[in-house]
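What follows is calculated from the coordinates using simple rules that are stated; it is not laboratory data. A quick note: this is a predicted structure, and the numbers were derived from the prediction, not measured. All Cβ positions, even for glycine, are placed from backbone atoms using ideal geometry, and neighbour counts span all protein chains on display.
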Amino acid sequence: MTPVKIDLANVRVGEEISSIDRVVDGYKTYQVLKVAIELGLFEWLDEHGPSPREEIGNALSINGMFTRSFFQTLDELGYLSGEGDYFGNTESATRLLVRKSPAYQGDWILNASRVNGQWDRLQDTLTETAPKNTGFYDGPSPEFLRALAERSLRGEVQEVTKILTGWERFSSAKKLLDLGGGHGLYAIAACQKNPGLHAVIFDKPHVVGLTREFIQHYGMEDRISVMAGDIVTDDPGSGYDIVMISHLLYKFRADLPPIFSKVASSMKPSGLFVSNHWFCGPVCGEGSSGISELDRSIHSYGHPLCHPEQFASAMFANGLVVTKKTTVPSNFGISHVHIAEKVPEGNSLVLHPDESSGCMSCR
Ligand SMILES: C[S@@+](CC[C@H](N)C(=O)[O-])C[C@H]1O[C@@H](n2cnc3c(N)ncnc32)[C@H](O)[C@@H]1O
């Protein structure tokens with residue numbers, strides 16, 4: 001080996017290292033939170049209340065040499081409150097980190113580092129020419145769908161429900177279809193707002209078992225059922241007053257008209273169609289952080305939807321007229337909601353050619 005002739009006394013790392021330290025500390029902080037959830041720390045404190053550090057450590061088999069700094073980190077994060085040597089959950093921990101809370105986010109936190117998940121295998125994710133899990137039976141996993149349910153409850157479900165309930169015929173609607181409903185929270189929330197509403201959640205055969213668990217959890221078995229199938233080849237039924245699709249269409253972006261045709265056929269005349277998806281644009285990368293963009297791309301089969309005019313035109317060509325466009329917050333930036341009504345039979349539509357816009361990533 002040839003010796004390196006460098007004057008070590010003059011090597012300069014510089015202040016810029018602080019951002020690297022923050023990144024590495026971020027990873028370590030994530031690990032602390034993850035392990036606290038996995039050890040059941042917040043559940044234990046919820047059950048037993050504020051307790052002496054030693055007692056908590058013994059109950060959860062945490063080596064006493066680490067409890068002080070481990071708990072201090074969680075205190076600094078705002079999830080434990082310590083007084084003397086007593087520690088308890090903060091209000092935030094009780095709301096976000098105890099499973100029985102409706103706002104629980106633990107699965108979302110754990111999912112970020114799931115073995116063989118997209119972030120765990122980021123190098124593969126970035127270097128593969130096409131997203132890997134595109135086969136019908138490739139996913140999503142129950143863990144992912146639970147995490148997704150928790151993410152959706154950060155505002156999307158609430159806002160989409162407001163849009164549904166704002167429709168003037170919502171209170172008289174009898175049947176709702178949620179295509180690719182997964183956890184089913186959108187249908188469940190809608191049925192909670194209209195006691196006369198029944199819903200069908202359509203999803204892949206290996207997913208509907210988990211959908212049923214959510215339906216049971218919210219006590220909706222008498223009004224919500226599941227239908228197993230493939231939206232591409234199977235018929236979701238007909239006579240629906242409301243059809244909704246949320247975050248399903250990314251992988252169908254190249255061939256949306258057959259999906260919209262199926263949606264329209266399943267609806268009653270003048271029924272409501274609601275689509276909730278991320279779109280890039282007007283310019284890709286505008287307004288959100290790189291990590292947020294990357295996360296959104298990973299969760300939308302490589303890229304969010306593009307060309308909103310073509311999206312609306314494809315609906316229009318299939319008898320669905322967009323009456324309103326709006327946005328709802330999501331944790332990867334805003335999501336675009338298209339609200340359309342099915343044109344009653346006999347009413348003809350004239351299709352206006354649309355100008356195309358958008359980015360090059362999803363052509
Ligand atoms: C990203 S998840 C969205 C779940 C939920 N709609 C939401 O917005 O949180 C997409 C869902 O569509 C389902 N899905 C994907 N391809 C499908 C297909 N070909 N037929 C039926 N469901 C499908 C998945 O199983 C999954 O539950």
Practice task
Largest first and in whole Å, give the semi-axes of segment 17-104's equivalent ellipsoid, each being the square root of 5 times a Cα gyration tensor eigenvalue.
Solution key: 22, 16, 11
Problem - Residues with amide H under 5 Å from that of G271, placed H, sequence gap 5 or more - result: K342
Handout entry: For G229, distant residues with modelled amide H under 5 Å away
Key = D203, K204
Problem - Virtual spin-label span in nm between D21 and F136, 7 Å along Cα→Cβ - result: 5.5 nm
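Against the 2.2 N^0.38 Å scaling, with N counting residues, where does segment 143-342 land? I'd like the Cα-based Rg ratio to two decimal places.
Numbers: Rg = 15.7 Å, N = 200, 2.2 N^0.38 = 16.5 Å.
That ratio works out to 0.95.
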Completion exercise
Along the dipole axis of the chain (charges at Cβ: +1 for Lys and Arg, -1 for Asp and Glu; origin at the Cα centre), the most positive-end residue among S270, L110, I215 is S270
Completion exercise
Kirkwood Rh over alpha-carbon pairs of segment 84-210 plugged into Stokes-Einstein at 4 °C, 1.567 mPa s gives a D in µm²/s of 76 µm²/s
Exercise for the section: Report relative contact order for the chain in percent, whole number only (criteria: Cα-Cα under 8 Å, sequence separation at least 6). Expected result: 11 percent
Handout entry: Cβ crowding within 10 Å averaged over residues, with 4-10, 124-130, 244-250 ranked highest first
Key = 244-250, 124-130, 4-10
Problem - Radius ratio Rg over Rh of the chain, counting only Cα atoms, Kirkwood formula for Rh - result: 1.05
Exercise for the section: Compute the acute angle (0 to 90°) between the alpha-carbon long axis of helix 17-39 and the principal axis of greatest extent of the alpha-carbon atoms of the chain; round to the nearest 10°. Expected result: 80 degrees
Exercise for the section: Counting other beta carbons within 10 Å of each Cβ, put W167, W278 in order, fewest first. Expected result: W167, W278
Handout entry: Whole-number percent relative contact order across segment 17-104, with pairs defined as alpha carbons under 8 Å at least 6 apart
Key = 27 percent
Completion exercise
Of segment 27-71, those with amide N under 11 Å from the point 7 Å along the Cα→Cβ vector of S101 are 42-43, 46
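Could you list the GluC sites (Glu not before Pro) in segment 1-61 that lie in coil according to DSSP, counting only those with at most 15 other Cβ atoms within 10 Å of their Cβ?
Values: sites: E15, E16, E38, E43, E47, E54, E55; in loops: E15, E16.
Those satisfying the criteria are E15, E16.
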Exercise for the section: Order by neighbour count: E159, E91, E293, fewest other Cβ atoms within 10 Å first, most last. Expected result: E91, E159, E293
Handout entry: Under-5 Å amide H pairs with H299, H placed in peptide plane, nonlocal only
Key = none
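What do you get when you divide the Cα radius of gyration of segment 155-229 by 2.2 N^0.38 Å, with N the number of residues? Write down the numbers at each step before the final one.
Details: Rg = 11.6 Å, N = 75, 2.2 N^0.38 = 11.3 Å.
Relative to the 2.2 N^0.38 Å estimate, segment 155-229 comes out at 1.02.
Quote the charge dipole size of the chain about the Cα centre in Debye, to the nearest 20; the model charges only the Cβ of Lys and Arg (+1) and of Asp and Glu (-1). Walk me through the intermediate numbers first.
Values: 33 positive and 44 negative charges, 163 e Å.
In total the dipole reaches around 780 debye.
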Fill in the blank from the handout: HN-Hα couplings for segment 107-114 via Karplus (6.51, -1.76, 1.60; θ = phi - 60°), in whole Hz with x for Gly/Pro, come out as 5, 5, 5, 5, 5, 4, 10, 4
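On a 27 Å Cα-Cα criterion, which of the cross-link pairs K28/K162; K174/K325; K204/K262; K100/K268; K162/K262; K193/K324 come out too long? Could you put the intermediate results ahead of the total?
Values: K28/K162 39 Å; K174/K325 24 Å; K204/K262 16 Å; K100/K268 38 Å; K162/K262 25 Å; K193/K324 21 Å.
Cα-Cα > 27 Å for K28/K162; K100/K268; rest within.
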Completion exercise
For the chain, longest principal axis from Cα atoms; helix 142-152 axis from its Cα atoms; angle between them, nearest 10 degrees, is 80 degrees
